[in-house]
C-alpha cells in the first residue's frame, strides 16, 4: 500500500551542494573508496516537507528523505546544530537514501522555518519534548524500522541527554561534535552577562561570535552557510544558561547512558574541542560505545570535505546495530 505523504505544501528546494574529493578519515583501498561514492543499488527517492505540533502548540518544520515506497532498512532521525536548519543536511541525507535508509529531521524552535525567536528557548526541556513529538511522527511513518537518533553540536547535546533520560524505542544514538568544551564560542564575559539577564531579560540575544570559517573546509558549503537567510548567529541569555546547565548535567550523568553510542568529532574542530567528546566517552559505562575522531576534520562532518567517509562510518555502525 502506498505510504501517505507527510507534506502539507510544496517541498522547499534543496540547497545547492557539490560533492568534492574527500580527505580520508582512515585508510581506504581504491576499490573501497569507489564503493563509498556510488549507491549500493538504485533506490528511487522521495522527499516530503510538512509540520508537526509541539506540546505547547507550535508547528515545527519537518523534512524527510526516504527510498521511495520501499520499506526503509532503518531511520536516521536528525537534530541539527545551533543557528542552522535541516535543509543543510540534504547532501548528507542523500547518501543514506541511496543505500535504503530513511532520514527525517526538523528545524528546532527558533531556527530555520520553525517559529520562535531566533536563538531562544524558554526551557531546555522544550527541546526534549520537541524531539519526543518528532520521534512519534517518525515512528508513525516508518513502522517497525529501527530508529537511530543523530544530533550535531547543540543538537548532539540535546540527543545525548534525551538518550539518557528517554531512551525508549531508540536503537542507538549518534553525537557529532557535542559542545562539552565549546572553545570557539565560550566567553566568561558572555557567560556572566547571561546569568544576570536570564532572570531579568531572558530573551535578550547577542551574536554568538562563531567563526564561520571553522565550520567546514568545503568552500561551496561555507559560502552557502554565510549567505543562507535561514541560518543565524544569535543566542539568548536563557538559551546560553540552559545550554551550560545541560552540558554539566549530561557530563555528570554519562554513566547512566544505556544505549549504543557513536561519538564523532573533527580532530581540528575549533568550535567544540574534541577533548570534550573524549571526556564524555570516558565517563560512559555502557560497553557498546565508539569514538571516531576524523583527522583534520572541521566542526561539521556532514558538510566537511570528509562528509562521505563520515556518512559511511555512520552507515556501517548503524548496520552493526540493526536488530532486523
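The values are calculated or read from the model by the stated rules, or taken from the named source; none is laboratory data. Treat the numbers as computed from the prediction; the structure is a model and nothing was measured. No Cβ is skipped: glycine too gets one built from the backbone with ideal geometry, and neighbour counts run over all protein chains shown.
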Scanning the stretch 294-310 for residues that are out of contact with any strand residue (DSSP E or B) (no Cβ under 8 Å at 6 or more places or on another chain) and either crowded, with 24+ Cβ neighbours inside 10 Å or over 20 Å from residue 74 (Cα atoms) (or both) gives 295, 303, 305, 307
Note: among 72, 77, 93, just one is over 19 Å from residue 155 (Cβ atoms), touching a strand residue (DSSP E or B) at 6+ places or on another chain (Cβ under 9 Å) and crowded, with 21+ Cβ neighbours inside 10 Å, namely 72
By my count, helices (runs of 4 or more DSSP H) wholly in the stretch 203-294 with at least 3 residues that are within 15 Å of residue 84 (Cβ to Cβ) and in contact with a helix residue (DSSP H, G or I) (Cβ under 9 Å, 6 or more places away or on another chain) are 219-226
If we ask which residues in the stretch 98-116 are surrounded by fewer than 24 Cβ atoms within 10 Å (Cβ to Cβ) and within 20 Å of residue 313 (Cβ to Cβ), their number turns out to be 3
Of the listed residues (240, 254, 258), the one being out of contact with any strand residue (DSSP E or B) (no Cβ under 7 Å at 6 or more places or on another chain) and within 23 Å of residue 212 (Cβ to Cβ) is 240
**Qualifying residue in the stretch 216-226 (condition: touching a strand residue (DSSP E or B) at 6+ places or on another chain (Cβ under 8 Å), touching a residue at least 40 places away in the same chain (Cβ under 8 Å) and surrounded by fewer than 18 Cβ atoms within 10 Å (Cβ to Cβ))** = no
Taking the stretch 64-87 and keeping only residues that are over 22 Å from residue 211 (Cα atoms), touching a helix residue (DSSP H, G or I) at 6+ places or on another chain (Cβ under 7 Å) and assigned to a loop (DSSP other than H, G, I, E, B), one is left with 67, 74
With criteria (1) at pLDDT below 95; (2) in contact with a strand residue (DSSP E or B) (Cβ under 7 Å, 6 or more places away or on another chain), residue 109 comes up short on (1)
By residue number, the members of the stretch 143-160 that are surrounded by fewer than 21 Cβ atoms within 10 Å (Cβ to Cβ) and touching a residue at least 60 places away in the same chain (Cβ under 8 Å) are 144, 145, 146, 147
